[in-house]
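First up is the structure itself, then whatever we jot down about it.
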Amino acid sequence: MILLKKLLNIRGFNNATSSIVAIFAGLLFGFIILLISNPSQAVDGFIIILKGGFSTGGKGMGQVMYFATPLILTGLSVGFAFKTGLFNIGASGQFIMGAFAAVYIGVKWTFIPAPFHWMVALLAATIVGGLWALIPGLLKAYLNVHEVISTIMMNYIGMYLANFLVKSTVYDSKKALSMNVAESAVLPKGGLDKIFYNPIGSSGAVDLSTVNSGFYIALVVAVIMFIVLNKTTFGYELKACGFNQNASKYAGINEKRSIVLSMVIAGALAGLGGGLLYLSGASGRHIKAVDVLAAEGFNGIPVALLGLSNPIGIIFSAIFISYITLGGNYLQTLNFVPEIIDVIIACVIYFSAFALLFRNILPRLLKWRMDAAEIKNERGNE
Amino acid sequence: MDYVIEMLNITKEFPGIIANDNITLQLKKGEIHALLGENGAGKSTLMSVLFGLYQPEKGTIKKEGKEVKINDPNAANALGIGMVHQHFKLVHNFTVLQNIILGVETTHNGLLRMDDARTKVVSLSKRYGLSVDPDALIQDITVGMQQRVEILKMLYRDNEILIFDEPTAVLTPQEIDELMKIMKDLAAEGKSILFITHKLNEIKEVADRCTVLRKGKLVGTVDVADTSIEQMSEMMVGRKIDFAVEKADVEPGEPVLEVRGLTVGGKHTKKSVKDVSFTVRKGEIVCIAGIDGNGQSELVYALTGLQPIEKGQILINGKDITHLSIRKRNAEGMSHIPEDRHKHGLVLDYSLEENLVLKCYYTPIFQKNGFLKFQKINEYANCLIAKYDIRSGQGAKTIARSMSGGNQQKAIVAREIDLGPEILIAVQPTRGLDVGAIEYIHKQLLSQREEGKAVLLISLELDEVMDISDRILVIYEGEIVGELDPKTATLQELGLYMAGGKRDERSEAI
Ligand SMILES: Nc1ncnc2c1ncn2[C@@H]1O[C@H](COP(=O)(O)OP(=O)(O)OP(=O)(O)O)[C@@H](O)[C@H]1O
Ligand SMILES: [Mg+2]
């Protein structure tokens, strides 16, 4: 009892528990929808979702990591902005603009020597993503335009602009996708190909997962963001501005500059996410150039919420959401229509994102229950 | 004896501290009951328990002899308990009327019925002399007005038990007199009032009984009529307080802060500071006195760089800082204890230690290559906490938001004085502090002066003005209308200047 009480007072423990409780609630809710849509196969379907990436062996797990990579970055983008007092709803636009920049350089700038090609492409993705967020940042800092409005608008501008640019520069009209990037622009495998594959027959041939060193990069970036936010004067200033702009100004912090920088960094993270997803060779993702906002961008919001905007928490929540999304895709093996699958997965994800809510309620509830129990015990002892 | 409210053996704990330890308080009908205690003694906490904001770990609350459970402010309201908080809780972009009815709106078929509400508010404000404009936005009215809105909120809800948490800390002396009268009227009507204040003369003036807390424990309840101010303060602090301020003779030296022809506002807004010139020299405490709203805030914002100026020049030690950034002004030796501790003074979601380095986190002592030195920050914070007796539940790691109002103020004062400024601009530095803390801060200000530093004090507290300053400049409608010597001037004379009834015939204030 005392141990439990002590645990409850530790912030980190509380946070992790609340996220886990939220995930359970989300899963339960998903199960209810499964039951409603297809009662006879609900249990089987639920098991498939739970097995997630594991359903398809080593390759499956690799795919979970591959799709988690951009989610970590967009989650960091939203979470970082949030920690500094900004709502970045524009990760989709920043993501797709970054993606275009990376693919364009990957396809066209073959003059760059091999080991540097993918690095330059990633750098470009980061810069373009950052620039895309610079505009809402400036609008917010100097004209007091709310960033939610401006980033949403930038999402649409970014989507149409990226589609237009892809179609007019790096489009493969036969496949209706962006072209494959040059071999030198594909992110190195970094040893992950030795782990995540499914053997085909007994001939030694393998079905490789698309996962590559982009996943390492995402992890490193998350750790860097954690350090920036929690250990540096820069992070101290940005967070102070997020909490109280007036007090920051009073303390001599250039609060306008901080707002712009926060936004640019958030955009750069999302842009890098775009680069990491699309620089993955022929078997990887390609830009479809259709008029749909990039889901990776929007999913950054639940990832950040579920990770409570903590960069390390975001790594885990991105992996979870990628895992559950893949699991959902395998539902097609049962009689579930694709639309319902999307609904179920969206429910699980968004319901889980209510983690914030649980964080506030859970400790109080538990404490209250325990106190009640203690009082009962005391009375019993008398 | 019948009591309207009895709080019996209340215990409330927070992480690291027992804020209320077995406290009993009984309130008679129609009495004004004062609650006295040092900063962090647990006064606000006890009142928040009564108002349903906190659930006590132990103890019971009785209303008119019957035990009641107060789970939230709505339950308190239903029992007729209302509260004016230490830091007001109003919606700034709502009108006065909207704020008053918030939560208890009268509706008809789901539509708001503002007319009925308006009639009631207008008649209440007439009856109790609480004049307010029901259609003014909260953000446009003075703090005194905002407080009237809070009082009207309670009256509108027909509350019978009224809790005032440090209502006078933010008021001008005139407004305090008005509030005292209003409180007496309310009590005469049969309403029961719980009144928190650090000013013992206010207790003497209006209260019937007084309950004293010290470090979360009950010291006792006394009849105010039979207890002297000295006795009450001794009960509260546990030692004798020296009310007289001892001032050494210091010969003022070179000018530190020079202000020449400073004008604020004008192009698009009203001129709030008009062609103000003055000098503060080494070893001098100069006080700007005036009725609230006569340009003091704007003058300070202009000096500290929070607001742009229209015309004029500001110099520190002969160096022109008129166009320097806030950070550079600080580097030139300017410190600032701001008027509004929640707006400017603190990042409430930061811990105490993070707030204590808010002005110096970037110096080589606290960072290296952009990385904060947490060890050093913690040591420094602990040193300030000990020196200034800043009390809180979890020491340096306490989140500023959870600290008591007075201790938040102490943290700001500690931070600003400890920067070792050439010129300290202190706006109401002792607002909300207990008598012991005030004594200490005054000593600190005087020792600044003895070290040859300059202090510009902006205070509404006339005793403070008279006691510690070397010169008094009176500001009226944005202009300096007179300079007085506190050794020879009388309070009456000062009041006359402040009300705009008299001004010096002089070309330039020096
Ligand atoms: N929400 C909270 N969480 C944690 N600690 C708290 C909280 N509220 C108050 N405390 C602690 O409880 C103690 C009593 O605080 P309280 O606000 O009641 O003091 P107070 O007597 O009103 O002081 P002041 O005169 O400074 O307003 C303080 O040490 C404070 O740090
Ligand atoms: Mg208080």
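The values are calculated or read from the model by the stated rules, or taken from the named source; none is laboratory data. These figures come from a predicted structure and were not determined experimentally. Glycine gets a Cβ as well: all are built from the backbone with ideal geometry, and neighbour counts include every protein chain shown.
Here are the numbers for the structure shown:
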{"read-out": "Looking only at segment B:44-91, and only at residues there that are under 19 Å from the mean Cα position of the chain (by Cα) and in a loop (DSSP other than H, G, I, E, B), the one that is nearest to ligand 2 (Cβ to nearest atom)", "value": "B:Gln86"}
{"read-out": "Matching residues, segment B:93-148, being under 17 Å from B:Ile182 (Cβ atoms), among the β-branched types (Val, Ile, Thr) and modelled with pLDDT of 85 or more", "value": "B:Val96, B:Ile100, B:Val121, B:Val122, B:Val132"}
{"read-out": "Check on B:Gly436, of a type outside the set (Ser, Thr, Tyr) and either part of a loop (DSSP other than H, G, I, E, B) or at the interface with chain A (Cβ under 10 Å from one of its Cβ atoms) (or both)", "value": "no"}
{"read-out": "Qualifying residue in segment B:170-182 (condition: at pLDDT 90 or above and within 16 Å of ligand 2 (Cβ to nearest atom))", "value": "no"}
{"read-out": "Some residue of segment B:410-428 being under 28 Å from B:Met232 (Cβ atoms), within 14 Å of ligand 2 (Cβ to nearest atom) and surrounded by 24 or more Cβ atoms within 10 Å (Cβ to Cβ)", "value": "yes"}
{"read-out": "Criterion: closer than 18 Å to A:Glu237 by Cα and in contact with a Leu (Cβ under 6 Å, 6 or more places away or on another chain) - qualifying residue of B:Leu352, B:Leu346, B:Leu372, B:Leu356", "value": "B:Leu356"}
{"read-out": "Flag if B:Asp434 is surrounded by fewer than 19 Cβ atoms within 10 Å (Cβ to Cβ) and more than 20 Å from B:Val143 (Cβ to Cβ)", "value": "no"}
{"read-out": "Selected residue [within 18 Å of the chain's Cα centre (by Cα) and either crowded, with 24+ Cβ neighbours inside 10 Å or on the phi > 0 side of the Ramachandran plot (or both)] from A:Ala251, A:Ala247, A:Ala240, A:Ala218", "value": "A:Ala218"}
{"read-out": "So A:Ser173, is it more than 30 Å from A:Pro136 (Cβ to Cβ), modelled with pLDDT of 90 or more and not aromatic (Phe, Trp, Tyr)", "value": "no"}
{"read-out": "Those helices (runs of 4 or more DSSP H) lying entirely in segment A:172-276 with at least 1 residues in contact (Cβ under 8 Å) with a residue 40 or more places away in the chain and within 11 Å of chain B (Cβ to nearest Cβ)", "value": "A:233-243, A:245-250"}
{"read-out": "Test set (1) under 16 Å from B:Leu433 (Cβ atoms); (2) within 14 Å of chain A (Cβ to nearest Cβ) - B:Ala414 fails condition number", "value": "(2)"}
{"read-out": "Total residues in segment B:8-43, condition within 14 Å of ligand 1 (Cβ to nearest atom), more than 14 Å from chain A (Cβ to nearest Cβ) and either closer than 26 Å to B:Asn159 by Cα or part of a loop (DSSP other than H, G, I, E, B) (or both)", "value": "14"}
{"read-out": "Qualifying helices (runs of 4 or more DSSP H) (wholly inside segment B:291-396; at least 1 residues being more than 14 Å from every other protein chain (Cβ to nearest Cβ) and out of contact with any Gly (no Cβ under 9 Å at 6 or more places or on another chain))", "value": "B:374-388"}
{"read-out": "Every residue from segment B:65-85 that is touching an Asp or Glu at 6+ places or on another chain (Cβ under 9 Å) and closer than 23 Å to B:Pro167 by Cα", "value": "B:Leu79, B:Gly80, B:Ile81, B:Gly82, B:Met83, B:Val84, B:His85"}
{"read-out": "Number of positions in segment B:357-410 that are small (Gly, Ala, Ser) and within 11 Å of ligand 1 (Cβ to nearest atom)", "value": "8"}
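Table: residues versus (1) surrounded by fewer than 19 Cβ atoms within 10 Å (Cβ to Cβ); (2) among the aliphatic types (A, V, I, L, M); (3) under 18 Å from B:Val435 (Cβ atoms); (4) under 24 Å from the mean Cα position of the chain (by Cα).
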residue	(1), (2), (3), (4)
B:Asp140	yes, no, no, yes
B:Thr172	no, no, no, yes
B:Ile176	no, yes, yes, yes
B:Asp185	yes, no, no, no
B:Ile196	no, yes, yes, yes
B:Ala225	yes, yes, no, no
